[in-house]
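Worksheet for the structure shown next.
The values are calculated or read from the model by the stated rules, or taken from the named source; none is laboratory data. Computed from a predicted model, the values in this text were never measured in an experiment. Neighbour counts run over all protein chains shown; Cβ positions are idealised from the backbone, glycine included. For the accessible areas, the whole protein counts, side chains as well, though only heavy atoms, and no ligand, DNA or RNA atoms are used. Shrake-Rupley method; radii C 1.70, N 1.55, O 1.52, S 1.80 Å.
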Amino acid sequence: MTTLPHLNSLAVAEGVPEPAPDTPTAGVPDAAENLTVPERTKRVEVSDLEIKTLGACRYESPVATRLGQAAVHHVGRAERLLLDDRFSRVVAEGYSALPTFELAGPRNRIFFDPTKLRCGIVTCGGLCPGINNVVRGLVLELTHAYGVKEILGFRYGFEGMVARFGHTPLRLGPDLVASIHHQGGTLLGSSRGSQDPREMVDTIEALGLGALFVIGGDGTLKGATKIVAELERRNLPVAVIGIPKTIDNDIHFIDRSFGFESAFAAAVEAIRSAHVEANGARNGIGLVKLMGRHSGFIACHAALAATDANFVLIPEVPLRLDGERGFLRALERRLEHRAHAVIVVAEGAGQDLCAPSTGRTDASGNARLGDIGHVLRDRINEHFRAMGVEITLKYIDPSYQIRSVPASPSDSVFCWNMARNAVHAAMAGNTEMLIGRWHGRFVHVPLPLATRFRKQVDVNEDLWMSVVESTGQPIAFG
């Protein structure tokens, strides 16, 4: 049994077999690709949607007793949901040949004995509205629905699962989490960056965890996949369940991630403020930079909800500033006709216009972005100064304010359903999967599939067309 001194007060008495000598961990999932939804779904095979299980479910579920058999799925016979629900594909290929997701929800039997189960929760990556809601939901569902007594929260992301950092886990219970959903951020703290899966599994083994709930985005979920590989190498029966957290809403095969609705709702207020500023001056320009490294979902949804944006610039659409069909000429025409303009730009847009990052990356391994907000601010000012046109430009970057807000009522409901379905999945012995909503239903999504592609705005589909119609801007500049 692995023993870690700083965890002595939390260690279990019974051991597990000694781990094999260290060996390289399993390979990471396929690199993310930027594809349209139809292109992504065409690359998915039926076997890609199979969910790993730890073994046979030997225990009656207390949830089935309380809710009744009609409310639960029978193990191995859960209803399934089509990945691609377009009628044309169903007709062309038939139901039996199409990939389907397993529906989430309570099962009639479970893998773990709840009275002997110890669980862990970890929150990773940047802050996002709703993290505390998910943590609270996990604790309450484990405690009240299944009777689990031992729940540990790891401090400061994956770093808290590595002994050498010395972060002692928190014991979580209903009293401690009772009111945390009223606050933004995360009770457990977070951090960016990967850690050695062997060290993290050492901690899982020393604590005798049977289930680990991982709350995070694309990089975190890839890290969870590495944890699963190391657990399998050591033959440790631990359920690893992901709850996708990405403010950019860029994890594929889920309709939305928690916190996204709260984030773009908060962004609406920034756009409205920019509109007020722009209207308050002759040739006033409000420039708002929002989150979205590779995907412009927040910029699109916030602009549509605010209805005040005249230009929306996203990473998926190349940005050309100069020339008759460039952005600056379009902005000139807007000021000539209306004497004010509001611009919403996602942080990942127009990166070819920014100074090269020279290979620098952040703690999560992402390439450091150039500041397109500052580039646009300076280029717009220079352009109109050269023309002899006086403008008043106000630049707003509300990113950290947006990340820290509490979850909206809609997101609160969504977070609760994500949390309770994650608990049901873990109790049934499922692993290497996340909870997502697809076509309006909660489903089980294998982690390798969820991180194989990057979800982006499809510029040929309805979301981008609705933005273009709302703003009156060209489909593309250049």
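Overview of values
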read-out: Residue that is nearest to residue 263 (Cα to Cα) [pool: residues in the stretch 146-198 that are crowded, with 19+ Cβ neighbours inside 10 Å and of a type in the set (Asp, Glu)]; value: 159
read-out: Those residues of the stretch 47-82 which are over 17 Å from residue 442 (Cβ atoms), modelled with pLDDT of 85 or more and either surrounded by 12 or more Cβ atoms within 10 Å (Cβ to Cβ) or of a type in the set (Val, Ile, Thr) (or both), in sequence order; value: 48, 50, 52, 53, 54, 57, 59, 61, 62
read-out: Residue within the stretch 315-323 that is more than 15 Å from residue 399 (Cα to Cα) and touching a Ser or Thr at 6+ places or on another chain (Cβ under 8 Å) present; value: yes
read-out: The stretch 216-231, subset out of contact with any Lys or Arg (no Cβ under 7 Å at 6 or more places or on another chain) and among the small types (Gly, Ala, Ser), residue nearest to residue 426 (Cα to Cα); value: 224
read-out: So residue 336, is it of a type in the set (D, E, K, R), open to solvent by 70 Å² or more (accessible area, probe 1.4 Å), outside any loop (DSSP other than H, G, I, E, B) and without any contact (Cβ under 8 Å) to a residue 40 or more places away in the chain; value: yes
read-out: Residues of the stretch 257-301 satisfying the condition of being open to solvent by 10 Å² or more (accessible area, probe 1.4 Å), assigned to a loop (DSSP other than H, G, I, E, B) and out of contact with any Pro (no Cβ under 9 Å at 6 or more places or on another chain); value: 280, 281, 282, 283
read-out: Hits in the stretch 262-315 - residues which are touching a strand residue (DSSP E or B) at 6+ places or on another chain (Cβ under 6 Å), of a type in the set (Gly, Ala, Ser) and within 15 Å of residue 249 (Cα to Cα); value: 267, 292, 296, 299
read-out: Looking only at the stretch 461-473, and only at residues there that are within 30 Å of residue 335 (Cβ to Cβ) and touching a residue at least 12 places away in the same chain (Cβ under 8 Å), the one that is surrounded by the most Cβ atoms within 10 Å (Cβ to Cβ); value: 467
read-out: Residue in the stretch 232-254 that is outside any loop (DSSP other than H, G, I, E, B), out of contact with any Lys or Arg (no Cβ under 7 Å at 6 or more places or on another chain), aliphatic (A, V, I, L, M) and surrounded by fewer than 24 Cβ atoms within 10 Å (Cβ to Cβ) present; value: no
